[in-house]
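Novice: Below: one structure in structure tokens.
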Amino acid sequence: MLGLEQYREAMERCSQCGYCQAACPVFSQELLESYTARGRTLLIKAALMDGDLPVGKRTKEIVANCLLCGACAHTCPGGLPLDEITVAARSLLRPGGPAASLRRSLHRKLMEQRGHPGSLGKLGPLGKTLGLAPADLPQPAARPFLADQPLVLRPSGEARARVAWFVGCAANSLHLDTARAVRKVLLANGVEVALPEGMACCGLPALAQGEVDLAQDLARRNIAALAAQEVDAVVTECTSCVLMLRDKMSRLFEPESPEARAAEDLAPKVMEAGAFLDQLGLSKTPRGRGISYTLHQPCHAAGFAQQVQAGLALLEKVPEAGYRPMADPAACCGAGGDFFLKNLALSRGVRRSKLEQIEQSRAEVVVTPCPACRHYLGLALGPDKVKHPLAILAGAYE
Amino acid sequence: MRGLAKDLSRLVGPDGFSTAPEDLLVYRHDAIGYFAQGDPAAVVLPADTAQAARVVAYASQNGMPLTPRGAGSGLSGGCTPARGGIVLDTKRLKRILEINQGNLTARVEAGAVLAAFQQAVEAQGFFYPPDPQSKSVCTLGGNVATRAGGPRAVKYGTTGNYVLGLEAVLPGGEVIRTGSACVKHSAGYDLTHLLTGSEGTLALITQATLRLIPKPPATCTALAVCPTMKMAARIVSETIAGGVVPSMLELLTTASLAVFNRFVSPPLPEEGEACLLMEFDGTAQEALRQAQEMAAACRDMGAIDVRLAPRPEEAALYWMVRSRLYPLVVSRFKRVVTEDVTVPRDRIPEFVTQVMSIAAELDLAMGLTGHAGDGNMHPTIRMDEINPDVEKRVHQALERVIKAGLSLGGVISGEHGVGLHKAEFLELELGREQIALMRRIKKAFDPTGIMNPGKIWPPELEA
């Protein structure tokens, strides 16, 4: 799956209407039409499929210049899988050579270890000092969250529900406060939480690199770990993990294949952790004082924005916490996973208008269920000013 | 080509243009996907009028064709570089320069996006009604250049009715300002409205002064499902004759009901041949009363189902679907050809009858949608396969549809412009004398013929 040829028909169905211009954060900066989905798709077909243009540096730049936010696919009147076309193109354009293959094996290791570099973590600060790693690269915690968790977290008293918790790589390795907050709110509300063994990264970052094989390997592990669980839901605190497990995982495999079927069976159970709690209803009333917050809706939530809204609804129950909406919560923050590390000026340009909106909202903190958005907005606002929505609820349980 | 890149870099800076074939690919198209035309040497994105003027002067000095472009969302081929040369992309001229509350006017740069402008204006309680359905991306400069319109034309007219003044670059590079910010203006030839609708063939429009009106406080949307296309057409013409003027009145095929049903509940019956999507505006009471009267009239005339959507959120869903129907339909077929023939509103039922018989005689799948309230119809031919026989029949159908419209006192284009695709039919509407006069006007503006060559009239009439 995710071979370019498989998208030929979809590409030929592109009407060229150009409505994708309205949605694309990259286009909004440069206003060059080759950076829209319609331009990129034409180029991918001409250069990588039909051989009408030689594959040069500029083709690689245009294919790389995409956040994979998926906004174009959601705006497209024809519903074309425009983001997947870019992934498939990246897969073909993967660089070769020893440096690339070393980088690839490091990535694989990182993803297999749920975002934690293990002993390689020491290389991060060294790399930054030597100027080999970007200064904005986040620094992982010394010890990952899951290293200290049992296989099952049991609430005091009778369990009201049982879930499997897919702890995202960021919550496991970078934002341990998010992981602790999720643990706290689930347990406080009588949810029994399974932390199945054998899970890996959801695979979305692998797709962004065009590493389709790696994404498939990771998906196989996750399917094996989660399919065996007898649970009411598979919850995760990370929007991108929801997107992958719910909407993308089955599309990694041949239709009707056993993997695709298993992924399809799993998909309806996958929920954003806040949305699950909202559906279950809080059994414990938050009493602590809240703060005012504004929501930044991650781009990967475009297909399930109501889940993010449901998670947000929980915060209305926190005393004195006030929601101060910004003008366009769904406008991109510029992060795009690790896109911002390679495209500094472009990402900063996108972030600038987001920061203006945040300021105009006059909220004390920004809440967002995406760790990449959190990290990137936090670099500008300060790490304490951006939180996971459930951290506000967890704070009110103290 | 190195010379060109070097020159352009001097004129607009290294980030203001591209000559890379990878970037130029998309600039061969407008929103007609199957139709790429010409091979541009460069796309140039000036940052202000001064840069734009330098580029136009450069093209003129070097005898290079220059094709102005907005969002590239047009449907006539008008912004495609038919003869190569420079595509002048206006999208970086995107500032809203002024919203004058005291004078009810606004001044914008040509590349400002319509939806962003409407949002800014409405935030201050004003209204800029023209609404081509590509409003989320289309630019005001493109709207002015094509005299674009949309559903609201039935009550509020099209872009042409709102242009008070323009800033434009003449082919020699001189910048002129036509019209004014005054509502009345009687001095000299009306160059503002000569440039409006000139499709980039006379000058490059860089700014526009636009008229605003107060925003109606409320709207009410209504949808009627009709058993036959003829009945829908009759409802339209009798409503208008009866003095009820909706703010939007759209005729759609029943196929669109399935798309509405993805968003609205309870589902609409997917029956009959046509449906009418309407909006009424005024005070909340007036809007609702008009919608109710219309609903009663539709029921009396035999509509299968009539639905009112007085809540703005629900109404917005219907109109969001409406604005996406065309590209959605296009994405379902191998090829779709759409026309925008417009007829006087009382002739709509006759036009509908004729179009349906043309489709039947030539054995083509033709849908008939349109901004029926203003007589602007979009006969749309849908092709599942393309071969010389089909293409021949499609061309015959287009010609016959256009002739049918003209015989009823209609025009060949209501809102898309002539561009490339309708150039061969222009003479049918205007006759040789008018085209010859237009050619003389063209010559006076653009003696060397660099501005958007190949558009509006066929090559044989270009001399």
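Novice: Ratio of Rg to Rh for the range B:96-214, alpha carbon only, Kirkwood?
Specialist: Values: Rg = 13.2 Å, Rh = 14.1 Å.
Result for the range B:96-214 is an Rg/Rh of 0.94.
Novice: For the protein assembly as shown, divide the Cα radius of gyration by the Kirkwood radius and give the resulting Rg/Rh value with two decimals. If you can, show how the numbers build up before the last one.
Specialist: Details: Rg = 28.8 Å, Rh = 29.2 Å.
Ratio of gyration radius to Kirkwood radius for the protein assembly as shown: 0.99.
Novice: Then there is this: Counting partner chain Cβ atoms within 10 Å of every residue's Cβ in B:369-378, what's the average?
Specialist: Numbers: counts 0, 0, 0, 0, 0, 0, 0, 0, 0, 0.
That works out to 0 on average.
Novice: Taking N as the number of residues in the range B:2-89, what is its alpha-carbon radius of gyration divided by 2.2 N^0.38 Å?
Specialist: Values: Rg = 12.2 Å, N = 88, 2.2 N^0.38 = 12.1 Å.
Normalised Cα radius of gyration, the range B:2-89: 1.01.
Novice: Using the Kirkwood formula over every pair of different C-alpha atoms, what hydrodynamic radius in Å results for the range A:4-92?
Specialist: Values: mean 1/r = 0.0785 Å⁻¹.
Taking the inverse mean of 1/r over all distinct Cα pairs, the range A:4-92 comes out at 12.7 Å.
Novice: Looking at the range A:216-320, which GluC sites (Glu not before Pro) are DSSP coil and have at most 14 other C-beta atoms within 10 Å of their C-beta?
Specialist: Counting only loop positions with at most 14 other Cβ atoms within 10 Å, the GluC sites (Glu not before Pro) in the range A:216-320 are A:Glu230, A:Glu256, A:Glu320.
Novice: What are the ³J(HN,Hα) values, in whole Hz, obtained from phi via the Karplus relation 6.51 cos²θ - 1.76 cosθ + 1.60 with θ = phi - 60°, for each residue of the range B:365-372 in sequence order, with x given for Gly and Pro?
Specialist: So the J values, rounded to whole Hz, are 7, 10, x, 10, 10, x, 7, 4.
Novice: In addition: Averaged over its residues, how many other protein chain Cβ atoms are within 10 Å of peptide B:102-114's Cβ atoms? Before the final figure, lay out each step's value.
Specialist: Numbers: counts 0, 0, 0, 0, 0, 0, 0, 0, 0, 1, 0, 2, 0.
Whole-number average of other-chain Cβ neighbours for B:102-114 is 0.
Novice: Shifting gears a bit: Arranged from highest to lowest average of other beta-carbon atoms within 10 Å per residue, in what order do the peptides A:10-20, A:356-366, B:426-436 appear? Could you put the intermediate results ahead of the total?
Specialist: Numbers: A:10-20: 22.5, A:356-366: 17.1, B:426-436: 13.7.
Highest-to-lowest ranking by the protection proxy: A:10-20, A:356-366, B:426-436.
Novice: Here's another thing I want to ask about it. What spacing in nm lies between the two simple spin-label points modelled at A:Lys385 and B:Tyr189, each 7 Å away from Cα in the Cβ direction?
Specialist: Spacing of the two 7 Å Cα→Cβ label points: 5.7 nm.
Novice: Pairing the Cα long axis of helix B:426-445 with the longest principal axis of chain B, what angle in degrees results, from 0 to 90 and rounded to the nearest 10?
Specialist: 30 degrees
Novice: Taking 30 Å as R0, compute the FRET efficiency from the Cβ-Cβ separation of A:Asp52 and B:Glu385 and round it to 0.05. Don't skip to the end; give the middle numbers.
Specialist: Values: r = 23 Å, r/R0 = 0.78.
Efficiency at R0 = 30 Å is approximately 0.80.
Novice: Here's something else I'd like to know. Nearest 10 degrees, 0 to 90: what angle lies between the long axis of helix A:176-188 and the longest principal axis of chain A (Cα atoms)?
Specialist: Computed tilt is about 50 degrees.
Novice: For A:Lys128, list the lysines whose Cα falls under 30 Å from its own Cα; do not include residues on the same chain fewer than 8 positions away.
Specialist: Within the straight-line cut-off, A:Lys128 pairs with A:Lys57, A:Lys60, A:Lys109, A:Lys342, A:Lys354, A:Lys385, A:Lys387.
Novice: Considering amide H positions built from the backbone, and no H for Pro or chain starts, which residues 5 or more places from A:Lys387, or on another chain, come under 5 Å of its amide H?
Specialist: Excluding prolines and chain starts, which carry no amide H, the hits are A:Val366, A:Val367, A:Thr368.
Novice: Using a 10 angstrom cutoff on alpha carbons, build the Gaussian network for chain A and name the most mobile of A:Ala302, A:Ala262, A:Ala159.
Specialist: Comparing A:Ala302, A:Ala262, A:Ala159 in a Gaussian network model of chain A, the most mobile one is A:Ala159.
Novice: Which residues' amide hydrogens lie under 5 Å from the amide hydrogen of B:His378, considering only partners 5 or more residues apart or on another chain, with H built in the peptide plane?
Specialist: The list, which skips near neighbours in sequence, is B:Thr369, B:Gly370, B:His371.
Novice: Considering amide H positions built from the backbone, and no H for Pro or chain starts, which residues 5 or more places from A:Met271, or on another chain, come under 5 Å of its amide H?
Specialist: Close amide H contacts, sequence-distant or interchain: A:Val234, A:Val235, A:Thr236.
Novice: How shielded is B:86-93 by partner chains, expressed as the average number of their Cβ atoms within 10 Å of its Cβ atoms? Mind dumping the intermediate values first?
Specialist: Working: counts 0, 1, 0, 3, 1, 6, 3, 1.
The per-residue average across the peptide is 2.
Novice: For helix B:348-361, what angle does its Cα long axis make with the longest principal axis of chain B, in degrees from 0 to 90 and rounded to 10?
Specialist: Orientation of helix B:348-361: about 80 degrees from the principal axis.
Novice: Any lysines with Cα under 25 Å of the B:Lys403 Cα? List them, leaving off those in the same chain fewer than 8 positions away.
Specialist: B:Lys230, B:Lys392, B:Lys422, B:Lys455
Novice: What's the Cα-based Rg to Rh of the range B:228-301, Rh via Kirkwood?
Specialist: Numbers: Rg = 12.8 Å, Rh = 13.1 Å.
Taking Rh as the inverse mean 1/r over Cα pairs, Rg/Rh reads 0.97.
Novice: Per-residue HN-Hα couplings for the range A:353-359, Karplus 6.51 cos²θ - 1.76 cosθ + 1.60 at θ = phi - 60°, whole Hz, x for Gly and Pro?
Specialist: 3J(HN,Hα) across the range A:353-359, in whole Hz: 6, 5, 4, 4, 4, 4, 4.
Novice: Mind listing the phi-derived Karplus ³J(HN,Hα) values for the range B:279-285, rounded to whole Hz, using 6.51, -1.76 and 1.60 with θ = phi - 60°, and x for any glycine or proline?
Specialist: 9, 10, 9, x, 5, 4, 5
Novice: Among B:32-40, A:93-101, how do they line up by average Cβ neighbours within 10 Å per residue, starting with the highest? Write out the running numbers ahead of the final one.
Specialist: Numbers: B:32-40: 19.8, A:93-101: 10.4.
Going by the mean number of other Cβ atoms within 10 Å, highest first, we get B:32-40, A:93-101.
Novice: Let me ask something additional. Using Cα pairs under 8 angstrom and six or more residues apart, how large is the relative contact order of the range A:49-176, in percent? Please report the intermediate quantities before stating the final value.
Specialist: Working: 61 pairs, mean separation 27.1, N = 128.
In percent, rounded to a whole number, it is 21.
Novice: Please give the peptides B:199-207, B:10-18 ranked by average Cβ packing (other Cβ atoms within 10 Å per residue), highest first, as a rough proxy for protection. Display every interim value, and only then the final one.
Specialist: On the way: B:199-207: 25.8, B:10-18: 16.8.
For the peptides B:199-207, B:10-18, the packing ranking is B:199-207, B:10-18.
Novice: Within the range B:198-287, report the chymotrypsin sites (Phe, Trp or Tyr not before Pro) that DSSP leaves as loop and that have at most 16 other Cβ atoms within 10 Å. Show your work: numbers first, answer last.
Specialist: Working: sites: B:Phe260, B:Phe263, B:Phe280; in loops: B:Phe263.
Listed in order of number, the matching sites are B:Phe263.
Values quoted throughout were computed directly from the atomic coordinates according to the rules given, and no laboratory measurement underlies them. Note that the coordinates shown come from a computational prediction; the quantities given were computed from them, not determined experimentally. FYI the Cβ positions are ideal-geometry reconstructions off the backbone, even for glycines, and counts take in every protein chain you see.
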